[in-house]
Amino acid sequence: MISNKKSGEFISGVNSGIPIALGYLSVSFGFGISAVSRGLSPFAAVLISLTNLTSAGQVAGLEIIVTAGTLIEMALAQLTINARYFMMSLSLSQKIPSNYRVIHRLLTSFGITDEVFGVAASRKEPLTTPFMYGLILLPFIGWSMGTLMGAVAGNILPDSIKAALGIAIYGMFVAIVVPPAKTDKGCLTAVLVAIALSCIIAYVPLFDFITSGFSIIICALCASAVAAYFFPIKDSDGEGQETSAEGEVTDNADNS
Amino acid sequence: MQITLEICVYILVMAVVTYLLRMIPMTFFRKKVTSRFIRSMLYYLPYAVLSAMVIPAVFSSTGSMITAAAGLVVALILALFNRSLITVALGASAAAYIAGLALLYLM
């Protein structure tokens, strides 16, 4: 019974990962093409995708490598562009059950991407370890394989197909956001405020100094704060786990 | 460019910084947040993040604002009808592709 339940959770995770992996295939394909055309070897391109598993951060990192930037610059760029993962990881720490073991926390946190987080955070059922491993598996393979294929065979696809595939990942975001925003006023508020701020930062010249990674952080924090202020969630959510987790507080957990 | 030690160090720095950002909160933050405001924020955060990532970046995702807009509209319609992630993603791509073909013939 127990192993059946586990494999069911794993398969459920794998299924949720399929569309993410397909989206990643096309996006990382583009990264592979670009990395090789900028002078990296296919091996280096794939190594970056295997170890980083992130889109915006890798594009910025590639730029820093080919322009021979400093390591400090590299670290700071990744810190700002990928700081959103810190928030996502924090959000997931609230959602995963307290019996989620440290080794699994160390391993599955590697797979937190925007889309993986979107699926995991919006899942109605509890986040089990088999579900998380299943969810991460195909996106990780898709991201790395797409990079390899782009690096090795990027020139085969016609431009019109390549261009059309570029929007796939955004379609996926839309599919995650729209259904809850339809029924939940707080969610709709967060979405609309985030879009408004994001457009202001992108189009008002005064804000040109804000990089895209920082823009996402600012928009997301402000928009979710506005939504939280006007539409606080019901107080009963997640109460069942509160007492059991209380004893395991660590030094780092002190900013609530 | 060969895979040199230098490139490996760049990649190592990238990977370590990115991993620490993901790993630290999930591994060390065990306390359940009790503040209702913070819990509400964390609940709304994913939707805010994804929305900010889509608009306006989506409009430069296909190399043409018109084909991207066509893809976005189709994605919105499909998502309003609760279609699956992959249906919406490929629907958007198909719409952008068709819009691109239509543009070729119109111009």
Note to self: How much accessible area per residue does chain B have, counting only protein heavy atoms and a probe of 1.4 Å, in square angstrom?
What the structure shows: 47 Å²
Item checked: Over 28 Å between alpha carbons, listed pairs A:5/A:234; A:95/A:185; A:185/B:32; A:182/A:234 -> A:5/A:234
Check: Across the residues of A:49-55, average count of Cβ atoms on other protein chains within 10 Å?
Finding: 4
Note to self: Accessible area of region A:184-232 with a 1.4 Å probe: how many percent of it is carbon plus sulfur?
What the structure shows: 80 percent
Notebook entry, point to check: Say a paramagnetic label sat at a point 7 Å from the Cα of residue A:204, along Cα to Cβ; which residues of region B:40-84 have their backbone N under 16 Å from it?
Noted result: B:56
Notebook entry, point to check: Could you give me the ³J(HN,Hα) list for region A:139-144, computed from phi with Karplus coefficients 6.51, -1.76, 1.60 and θ = phi - 60°, whole Hz, x at Gly and Pro?
Noted result: x, 5, 5, x, 4, 6
Next item on the list: Per DSSP H run of n ≥ 4, the term is -39500 (n - 2.57); total these for the protein assembly as shown, divide by its residue number, and report the mean residue ellipticity at 222 nm rounded to 500 deg cm²/dmol.
Entry: -24500 deg cm²/dmol
Notebook entry, point to check: In peptide B:4-11, what is the residue-averaged number of other protein chain Cβ atoms found within 10 Å of each Cβ?
Noted result: 5
Notebook entry, point to check: Quick one: helix B:85-106 against the long Cα principal axis of chain B, what's the angle to the nearest 10°, folded into 0 to 90?
Noted result: 40 degrees
Note to self: What is the percent carbon and sulfur in the accessible area of region A:81-149, measuring with a 1.4 Å probe over the protein chains and ignoring ligands?
What the structure shows: 75 percent
Item checked: Rounded FRET efficiency, nearest 0.05, which uses the C-beta distance separating residue A:37 from residue B:8 and R0 of 22 Å -> 0.60
Next item on the list: Could you check the simple spin-label distance between residue B:35 and residue A:63, using points 7 Å along Cα→Cβ, in nm with one decimal?
Entry: 3.3 nm
Check: Tell me, what is the percent relative contact order of chain A, built from C-alpha pairs under 8 Å that lie six or more residues apart?
Finding: 32 percent
Check: In Å², rounded to the nearest 100, what is the total accessible surface buried by chains B and A against each other with a 1.4 Å probe?
Finding: 8500 Å²
Check: Once phi is turned into θ = phi - 60°, what whole-Hz ³J(HN,Hα) does the Karplus curve with 6.51, -1.76 and 1.60 give for every residue of region B:40-50, x standing for Gly and Pro?
Finding: 5, 4, 5, 5, 7, 3, x, 5, 5, 4, 5
Check: How big, in percent, is the set of alpha carbon pairs in chain B lying more than 20 Å apart?
Finding: 64 percent
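The values are calculated or read from the model by the stated rules, or taken from the named source; none is laboratory data. Just so it is clear, the model here is predicted, and its values are computed rather than measured. Reconstructed Cβ throughout: ideal geometry from the backbone, glycine too, with neighbour counts over all protein chains shown. Calculation scope for accessible area: heavy atoms of the full protein, side chains included, ligands and nucleic acids excluded. Shrake-Rupley method; radii C 1.70, N 1.55, O 1.52, S 1.80 Å.
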